[in-house]
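Enquirer: Here you go, one structure.
The values are calculated or read from the model by the stated rules, or taken from the named source; none is laboratory data. Since the model is a prediction, treat every value here as computed from it, not as a measurement. Every residue, glycine as well, gets a Cβ built from its backbone with ideal geometry; the counts of neighbours run over all protein chains shown. To get the accessible areas, we keep the full protein, side chains included, count just its heavy atoms, and leave off ligands, DNA and RNA. Shrake-Rupley method; radii C 1.70, N 1.55, O 1.52, S 1.80 Å.
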Amino acid sequence: MAWNTTNGKRKRPNKIWGYILVVFTTALVYILDHPLGALPALGPLLDPVHGCWANAEPASFDYNLNEDLPALTGKAIVNFDDQFVPHINATNDHDLYYIQGYLHAWFRLWQMEMQTRAAAGRISEIAGEKALPFDRKQRRKGMVYAAENSLRAAEANPVTKAMLDAYTAGVNQFIATRGKHQLPLEYKLMGFKPEPWTNLKCILLLKYMADDLSGESDDIAHSYLRTLMSEAEFNLLYPDKIPGSSPVVPAGTPFAPATISVSAPPADSSSFVPISATDFESLPQHGKGSNSWALSGSRTASGDPILCNDPHLGLNLPSLWFQVQLSAPGINVCGASLPGAPGVVIGFNDHISWGLTNNYRDVKDFYEIKPVEGDAGKYWFNGQQVPYTTRMERIAVKGKPDYVDTVQYTIHGVLLYDGRYHEKFSTRKLLAVKWMGYEASNEYMAIYKLNRAGNYDEYVDAIQHFECPAQNMIYADRQGHIAIWGQGKFPAKWRGQGKYVMQGLDSSTLWGPVIPMAENPHALDPAQGYLASANENTTDTAYPYPYTGDFVELRAWRINELLAKTAEVTVPDMQAMQGDDYSILAANVLPMMLDACKVYKGKYLDSLRAWDYQLRPYSMCGTVFQHWWKILYSSIWMDDLPNVPGETLPLAERTMQLMLTDSTLRFYDDPRTAKRETLADIIRRSYYQTSQALAEKEKKGSLDWYKVKNTGVRHLAKLDAFSYTGLETGGWGNTINAMKEDHGPSWRMVVQMGKEIEAYGIYPGGQSGNPGSKYYANYLPMWVKGQYNKLHFYPAGKAENSAAKYVWTLKPASK
Amino acid sequence: MRMPVTIIAIIVIAFIVGTITPWWSVAVVAFLVGLLAGHKPGLGFLAGFLAVGLYWLCLALYRDAANEHILAGRMAALFHLPGSYTFAGVTAIIGALVGGLAAWAGSLLSTRKR
């Protein structure tokens, strides 16, 4: 270059260019240091020292650790077994929960933060305005209000206060030290830093579960449906108890008489508020459900009880569950814990084992509120003008000013729909919602005591503290007992209360007093030698307190059918049963569907005629039946009941019963045609539509059931690159192997309570939440195949363990 | 002869300070070394480009190999790149560009005689 030839000529233009380049380079660094639209800040992300590459955990990473932790009061040992499950040995409760918090944070910090942020409606703070509708909904639902109420209860109890304090300190110890260097990948992608953990977050996590499991209500949809049909017709389609239900507490179990008097329903006119079609759109699909069963020794080969549980929840990565064994004086428990919560939620100890399924007894009711005209701050109740209690919900929004929502509270709970808040399912009516989750409860006390329970009485004492979400709590112990409780806190309701939206004008629709816990439905060592629950109705009609709920029956029928035939059962038998793909719906209804089509020919029909009703992964028949049923079901209901959310149409099992018993139902007819269709007509028409659709589908790909169904385990931030889809699984929500698209058996456990406890478990994920770790999803292939890990359960008080793959030696930091 | 020295100097210093400084310390290091070395501007750019590029590439590949490509494979999928090596390559190029530009600027502002 010419200006390079002499010193004098070179200097000046070079300097100018130099300064320009300094500015340019600085600008480039600045741009790379900041997120660009949806793109994360690439500089810090790609930095091989601190960025995403730092999350590339070496496959041979040496997890052994010697560390001094300031809050420890004694030495503690954590042994990681060959499945990467930590077994914590501490000298006292404080150290035990402190280390559990430290461990959870080590492996699952981002997930813990996101789930509790989601519960509290605080996602906008990190994700910006797009999350505002979600956050508003969480605030409107009163999630923080609910958690604050329960936090007061938990902190008023010295035992749970100490438990939560220790756990929180453990999480914060990790954040304060290692969290800086070992920031989970997702923080780097989303560009935020962990905030300190709090006891409130532990409670928020449980409220998040409570909302997931008991936070739905059909009241509004039912009110609408009642405007479309007579009461008799409604009761035919939506019976409080489905005929032939095999309830959680076996039929015929005697119940103690009610000690709380149940009030008579008020006059019908006031007990149901009509909702018009324009009032709502649709409900989210829910696919939650769970199975549990226990066999007494009389039915097992070993003579020892066997307990099985598989809660069906959202299938996500990082996984909902984290396996752990907790050992300290007075406690030796093993099983599945929830990152963000101290203790073991489902598992077993030296004496007892327990499992959970959701109990869908209704604990959420809607009330229409009558505002005082001209005074926005008051509503009518019992002839009085009552002021609302107001709660300001301040939502921080990234890059925007805070959003403030005023939420009003009534005697009937949160005023969810007040004309200022709109969502898919909102109504124009002023509706308040009363939910058991708002009440101060202390579920951590239940977990604390359950983990230490040594016999049935201690188990019953422990679960008294479990109030919401209501759970069917199954039990088996080494003394040979099996039991189940439909446990939760329930108000005494008058018959039919809370089935529809109620008027909120006076005290006649208020919830009654709480039913004493001892009167909750339960069974101990029934003569039949087994107990089961799968979200079905809790009791037969002998139970003295009226209740309604969102119960389903198909899985329960299948489980009871199989259990009734059991003899000399082994653990592998029970594992196979958890993977049972048999569609009891198909077995009952397909013969009549095929009969209606008997004059038809075609390969789909031919295959179905020889089908064994198993929804196996590679089954074409599974795909054909499921498709056909879906179209048939819609043809029966959707034409007559437009705008009804899919989940609120009559149950598949009820539809099946009506098809088999009542050929005159007006709903078979398609009102849009001049002809009056019979059930057989509709079956044939839906088959024709199915065969057309499937032939089209087959041209594009296979009809393997697993491909069509597409079960997946998806990353919490919906990142496909960190997710697994198209898993080769059979089953559906109504088979025991309840594998839906994004819901399914989130933790499968089989425990034989003999002299030596023999336990197996598996969940769809891995212990590490780091997508860069080989432990991120290493259990997944086994889970897909229906295989289990043998759960190592080491004797209490024995910290030295030759089987340990890695050992953490944790000591109090010298002052 | 000074080129390899410059490259090695950038790598070594960036490596040492990198453990406690943010990612853009590579720019500062490349700039300062470029300033002191006083290469012709084109060579300065090349030195910075190669130094930071090689440093980041080697560190990324080392971590990728030890990790059996788990993380980089997922990150590649996230950015719709064909595989872990491409992702390591993209990492290296970003670092190289920043290093190259910074060292270039340093060379231009250098008062040292060539």
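Enquirer: Scan segment A:394-421 for residues that are touching a residue at least 12 places away in the same chain (Cβ under 8 Å) and among the acidic types (Asp, Glu) and report the count.
Expert: 2
Enquirer: Now, a different point. Take the residues in segment A:55-71 that are open to solvent by 20 Å² or more (accessible area, probe 1.4 Å) and within 8 Å of chain B (Cβ to nearest Cβ), then tell me which one is farthest from A:Lys130 (Cα to Cα).
Expert: A:Ser60
Enquirer: Is it the case, given these coordinates, that A:Tyr775 is touching a Leu at 6+ places or on another chain (Cβ under 7 Å) and modelled with pLDDT of 95 or more?
Expert: So A:Tyr775 fails the test.
Enquirer: Run down A:Gln767, A:Gln787 and say which single residue is in contact with a helix residue (DSSP H, G or I) (Cβ under 9 Å, 6 or more places away or on another chain), touching a residue at least 12 places away in the same chain (Cβ under 8 Å) and surrounded by fewer than 18 Cβ atoms within 10 Å (Cβ to Cβ).
Expert: Details: A:Gln767 fails: surrounded by fewer than 18 Cβ atoms within 10 Å (Cβ to Cβ).
Matching residue, one of A:Gln767, A:Gln787: A:Gln787.
Yes/no per residue for (1) under 30 Å from A:Gly355 (Cα atoms); (2) of a type in the set (D, E, K, R):
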residue	(1), (2)
A:Thr661	no, no
A:Thr678	no, no
A:Asp681	no, yes
A:Gln689	no, no
A:Ala695	no, no
A:Tyr706	yes, no
A:Met749	yes, no
A:Gln767	yes, no
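Enquirer: Does A:Gln138 satisfy the condition of being in a helix (DSSP H, G or I) and either of a type in the set (Phe, Trp, Tyr) or at pLDDT below 95 (or both)?
Expert: Here the answer is yes, as A:Gln138 does meet what is asked.
Enquirer: Need pairs with beta-carbon distance below 7 Å; first residue not assigned by TED's automatic domain parsing to the domain that holds A:Met620 and within segment A:668-695, second polar (S, T, N, Q) and loosely packed, with under 13 Cβ neighbours inside 10 Å; sequence gap 6+ or separate chains.
Expert: Pairs that qualify, where the first residue is not assigned by TED's automatic domain parsing to the domain that holds A:Met620 and the partner is polar (S, T, N, Q) and loosely packed, with under 13 Cβ neighbours inside 10 Å: there are none.
Enquirer: Filter segment B:3-52 down to the residues that are open to solvent by 70 Å² or more (accessible area, probe 1.4 Å) and in contact with a Lys or Arg (Cβ under 9 Å, 6 or more places away or on another chain), then identify the one that is farthest from the other protein chains (Cβ to nearest Cβ).
Expert: The selected residue is B:Leu36.
Enquirer: It is to be established whether one or more residues within segment A:18-41 are within 12 Å of chain B (Cβ to nearest Cβ), more than 30 Å from A:Lys805 (Cβ to Cβ) and touching a residue at least 60 places away in the same chain (Cβ under 8 Å).
Expert: First pass over segment A:18-41, keeping only residues within 12 Å of chain B (Cβ to nearest Cβ): A:18-34, A:38-41.
Adding the requirement that they be more than 30 Å from A:Lys805 (Cβ to Cβ) leaves A:18-34, A:38-41.
Checking the rest, the ones that are also touching a residue at least 60 places away in the same chain (Cβ under 8 Å) come to A:40-41.
Yes; the residues of segment A:18-41 include at least one that is within 12 Å of chain B (Cβ to nearest Cβ), more than 30 Å from A:Lys805 (Cβ to Cβ) and touching a residue at least 60 places away in the same chain (Cβ under 8 Å).
Enquirer: Quick one: would you say A:His87 is touching a His at 6+ places or on another chain (Cβ under 9 Å) and either charged (D, E, K, R) or more than 14 Å from every other protein chain (Cβ to nearest Cβ) (or both)?
Expert: yes
Enquirer: Okay, moving on. Considering segment B:78-114 alone, what residues qualify as being within 7 Å of chain A (Cβ to nearest Cβ), of a type in the set (A, V, I, L, M, F, W, C) and open to solvent by less than 50 Å² (accessible area, probe 1.4 Å)?
Expert: B:Leu78, B:Ile94, B:Val98, B:Leu101, B:Ala102, B:Ala105, B:Leu108, B:Leu109 - these are the residues of segment B:78-114 that are within 7 Å of chain A (Cβ to nearest Cβ), of a type in the set (A, V, I, L, M, F, W, C) and open to solvent by less than 50 Å² (accessible area, probe 1.4 Å).
Enquirer: Go through segment A:647-667 residue by residue and tally those that are open to solvent by less than 30 Å² (accessible area, probe 1.4 Å), under 35 Å from the mean Cα position of the chain (by Cα) and not polar (S, T, N, Q).
Expert: 9
Enquirer: I need every pair where a residue in segment A:645-657 that is part of a loop (DSSP other than H, G, I, E, B) has its Cβ under 9 Å from the Cβ of a residue that is modelled with pLDDT of 90 or more and of a type in the set (Val, Ile, Thr), sequence separation at least 6 or different chains.
Expert: Listed pairs, sorted by first residue: A:Leu649/A:Ile636; A:Leu649/A:Thr655; A:Pro650/A:Ile636; A:Leu651/A:Ile242; A:Leu651/A:Val552.
Enquirer: Check off (1) under 18 Å from the mean Cα position of the chain (by Cα); (2) in contact (Cβ under 8 Å) with a residue 40 or more places away in the chain; (3) open to solvent by less than 20 Å² (accessible area, probe 1.4 Å) for A:Trp732 and give me the number that stays unchecked.
Expert: Going through the list (1) under 18 Å from the mean Cα position of the chain (by Cα); (2) in contact (Cβ under 8 Å) with a residue 40 or more places away in the chain; (3) open to solvent by less than 20 Å² (accessible area, probe 1.4 Å), A:Trp732 breaks only (3).
Enquirer: Determine, yes or no, whether A:Glu148 is part of a helix (DSSP H, G or I), more than 14 Å from chain B (Cβ to nearest Cβ) and open to solvent by 40 Å² or more (accessible area, probe 1.4 Å).
Expert: In short, yes.
Enquirer: Between residues in segment A:522-546 that are closer than 14 Å to A:Ala556 by Cβ and residues that are assigned to a strand (DSSP E or B) and basic (Lys, Arg), which pairs lie under 7 Å by C-beta distance while being six or more apart or on different chains?
Expert: A:Thr538/A:Arg361
Enquirer: Restricting to strands (runs of 3 or more DSSP E) lying wholly in segment A:433-551: which have 1 or more residues that are within 27 Å of A:Val262 (Cβ to Cβ), under 23 Å from the mean Cα position of the chain (by Cα) and polar (S, T, N, Q)?
Expert: Per the criteria, A:471-477, A:482-487, A:530-533.
Enquirer: Next question. Please state which of the following conditions A:Ala587 fails to meet, knowing it meets all the rest: (1) assigned to a helix (DSSP H, G or I); (2) modelled with pLDDT under 95.
Expert: For A:Ala587, the failing item is (2).
Enquirer: Mind counting the residues in segment A:668-697 that are more than 24 Å from A:Ala587 (Cβ to Cβ) and within 34 Å of the chain's Cα centre (by Cα)?
Expert: Result for segment A:668-697: 1.
Enquirer: Right, another one. In this structure, is A:Asp720 without any contact (Cβ under 8 Å) to a residue 40 or more places away in the chain and within 14 Å of another protein chain (Cβ to nearest Cβ)?
Expert: The answer is yes for A:Asp720.
Enquirer: Looking only at segment A:668-705, filter to residues that are under 29 Å from A:Val552 (Cα atoms) and of a type in the set (Lys, Arg); which one of those is surrounded by the fewest Cβ atoms within 10 Å (Cβ to Cβ)?
Expert: A:Arg685
Enquirer: Just checking, how many residues over segment A:631-646 are under 21 Å from A:Pro243 (Cβ atoms) and open to solvent by 30 Å² or more (accessible area, probe 1.4 Å)?
Expert: Of the residues in that region, 1 qualify.
Enquirer: If you go through segment B:55-68 one residue at a time, do you hit one that is within 8 Å of another protein chain (Cβ to nearest Cβ), touching a Phe, Trp or Tyr at 6+ places or on another chain (Cβ under 9 Å) and either over 17 Å from A:Asp47 (Cα atoms) or surrounded by fewer than 20 Cβ atoms within 10 Å (Cβ to Cβ) (or both)?
Expert: yes
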